[in-house]
Structures are given as structure tokens and as C-alpha cells.
Amino acid sequence: MLALTELGKRLKEARIEKGLSLEDLQKETKIQKRYLAGIEEGNYDLMPGKFYVRAFIKQYCEAVGLNVEQTFEQYHADIPSAQHQVAPEELSRVKTRTKEVAPKNSKVLDALPKAIIAAVVVGVLVLGWVIALYINKDDKEQANSTDSQVESQSEQSSDAQREDSNDDSEQASTKTDENKEAEKKEAAKKEEEKESDKDESKSKLTTVEGAANPGTYKLEGADEFKLELTATATTPSWVGVTNGKGNSFFSSMLQKGKTETIDLTNEQDVKIRVGFAPGVEVKVNGEVVQYPSDPKQNVTQNVFIQYDGSEANSES
């Protein structure tokens, strides 16, 4: 069993002073109990990554009432850095690949003269075939010129007859075309009016000024409440979604490219807690929700949504 670090001792003391067990802390922070125990024991190998060690320690401090900045400064020796360093093995692989590409390029350059000669030969053959084709075509056109003159004369006489018969039908069809054009314009006008009505009835997501919790939004004019959570970063991120009564709708790690869609139409107050905000995009009814603070400065973010679907349903 690993010896407790100074940081682990301080966190455990603060938890006990608050009268919290590891199970209680797990419910509060949504961090698995084994990760919390690993933080107290200084066993960071249990964590999914160095970055999560720092994020989990920050959430632990907030839950037990410790000042995050002072704790990180005082126990910085017990907290791993989140910076990534390139291993020497990766650099050596890059150099090896560079050396392997050079011989292939030289072989391609050696084969270029032969390819150019082959292309010239093929081009000459194609040009000769095209010239022969045009010569044969001219001979056939001369032989058929007499027949075409006779046919054109007969076609001219028949065309004159067709023009006389088509004058009356064109006059009748002109009125029909005008009616069709008027109908098209009327249909287009109605479609524009429908689109305008749709735009006016679109849902709005607005910030609630002076709310008790920063990052509180109000969803208005919507007959549904659809939440989309999409992981965009390589590092997986934990996300938790609960309502005002504490019921959980989602509490898990999101992998890159994974999208979780949750129907919250029957809820009035929803809390969204994101462990790694730079790697998670939050949408409500297709609209991107802005975090209350810069995700690069505060990786853990809380977003609150107030929704009253009764207004939208009564209007419809």
C-alpha cells in the first residue's frame, strides 16, 4: 500500500472534518470512489491521464472547502504536471522514416526519362489516328452532300406547313403559360410567409441576468428540450446531467467523436457539469451553449438551463 502524500493527508483531513465519506464525496463530485482514494493515497497511476489528476484534485478541493490556488501552490510537489513531452523513441522513428523515403524518390527520378519517351510515342500514334479519321469523314461528307440537299428542300416545305399549324396552338398555350406563372408566384409567396412564421416561432436560449448561479440560461418558445453532448478532444471527458431534484440523466466519460442526445422536455431545471470543457460541445435544440467562463482557464464548467414547455405547448 502506498504511503499518503502530504497533499493526500490534507485532503483526507478536510473530508473528515466535513463529515464526508468517500461515497458521499463521489456523489458530490461525480468522480469514481477509486479515483478519490487514489488521490488520497498519492496513487495517480489509477487516473486516465495526468491532466485528470489535476482536474480531480481541483474538484476534491472545491467539495471539501479548500482554496484551490493555495492548495496547488503549497503542495505543488505532490501534483503531477499535465505537459506532454515527446519521447526519444518517437524522434528516432521520424529520422528512420526520412532515410527510408530517399531511395524511393531516387528510383522515381530514374524512371522519368523512360516515361516521357513512352508518352511521346503514344501521343504520335493518337495524332495519326485522328488525322486518318478526319480524312475518311471528309470523303463520306462529299458523297452524301447531294442526298442532303434533296432532303433539305423537302424538309423546308414540310416545316412551312408545320409553322402555319403551330401558330394557332402557340397563341392558346401562351395564355396557359401565363396562368401557370401566376400560380407559381402565388405558391412562392405563401411559402415565404410560412418560412417567416417559422423564423418568428423559433426557440430562444437567453442568459438569465442576476441568477444565483453563473452560466444560467432560459429556454423560451420551444415545444421540446433536446440536449446534445459531443466530445471533440482526444482526451475523454466526464459529463454529468441532473435535474433540480437531483435525478441523474447521464453520468459518464465521453470519448472523442461520441455524441450523447438526451430528451429533457419534461424537465424544468437542468444542471450540466463538464469535467473537461475544452473537449466537450454542449447544444440545446441545435444551438451551441457558451460556457460561463473561459474553458482554457477553468476546465470544469457548470451550465444551468431553465425551461417551461407549457408556454410553447399552449401557443401551439
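The values are calculated or read from the model by the stated rules, or taken from the named source; none is laboratory data. What you see is a predicted model, and the numbers here were worked out from it, not measured in a lab. Here Cβ is always computed from backbone atoms with ideal geometry, including for glycine, and neighbour counts include all displayed protein chains. What goes into the accessible areas is simple: the full protein's heavy atoms, side chains included, and nothing from ligands, DNA or RNA. Shrake-Rupley method; radii C 1.70, N 1.55, O 1.52, S 1.80 Å.
Here is the figure for the range 263-279: residues that are at pLDDT 90 or above, open to solvent by less than 40 Å² (accessible area, probe 1.4 Å) and part of a strand (DSSP E or B) total 1.
Inspect the range 202-221 for any residue being touching a Gly at 6+ places or on another chain (Cβ under 8 Å) and open to solvent by less than 30 Å² (accessible area, probe 1.4 Å) and give the result as yes or no.
The first filter runs over the range 202-221 and keeps only residues touching a Gly at 6+ places or on another chain (Cβ under 8 Å), leaving 202-204.
Filter once more, so that each one left must be open to solvent by less than 30 Å² (accessible area, probe 1.4 Å): none.
No: zero hits.
The set of residues from the range 241-298 being among the basic types (K, R) and in contact (Cβ under 8 Å) with a residue 12 or more places away in the chain comprises K256, K258, K271, R273, K283, K296. I'd like the residue in the range 222-232 that is open to solvent by less than 20 Å² (accessible area, probe 1.4 Å) and under 20 Å from the mean Cα position of the chain (by Cα) and, out of all such residues, is nearest to F56 (Cα to Cα). My answer is A231.
Say whether the condition of being modelled with pLDDT of 85 or more, within 32 Å of the chain's Cα centre (by Cα) and not aliphatic (A, V, I, L, M) is met by at least one residue in the range 61-76. Yes.
Please verify whether the range 302-315 includes one or more residues that are in a loop (DSSP other than H, G, I, E, B), under 28 Å from Y52 (Cα atoms) and either modelled with pLDDT under 90 or out of contact with any Cys (no Cβ under 7 Å at 6 or more places or on another chain) (or both). Reasoning before the result, please.
As a first pass, look at the range 302-315 and keep what is in a loop (DSSP other than H, G, I, E, B): 308.
Imposing the further condition that a residue be under 28 Å from Y52 (Cα atoms) reduces the set to none.
Within the range 302-315, not a single residue is in a loop (DSSP other than H, G, I, E, B), under 28 Å from Y52 (Cα atoms) and either modelled with pLDDT under 90 or out of contact with any Cys (no Cβ under 7 Å at 6 or more places or on another chain) (or both).
Taking the range 249-262 as the range and being open to solvent by 70 Å² or more (accessible area, probe 1.4 Å) and under 23 Å from Q26 (Cα atoms) as the test, the residues that pass are F249, Q255. In the range 205-253, what count of residues is obtained for those that are touching a helix residue (DSSP H, G or I) at 6+ places or on another chain (Cβ under 8 Å), within 17 Å of Y291 (Cβ to Cβ) and in a strand (DSSP E or B)? Residues flagged as touching a helix residue (DSSP H, G or I) at 6+ places or on another chain (Cβ under 8 Å), within 17 Å of Y291 (Cβ to Cβ) and in a strand (DSSP E or B) within the range 205-253 amount to 2.
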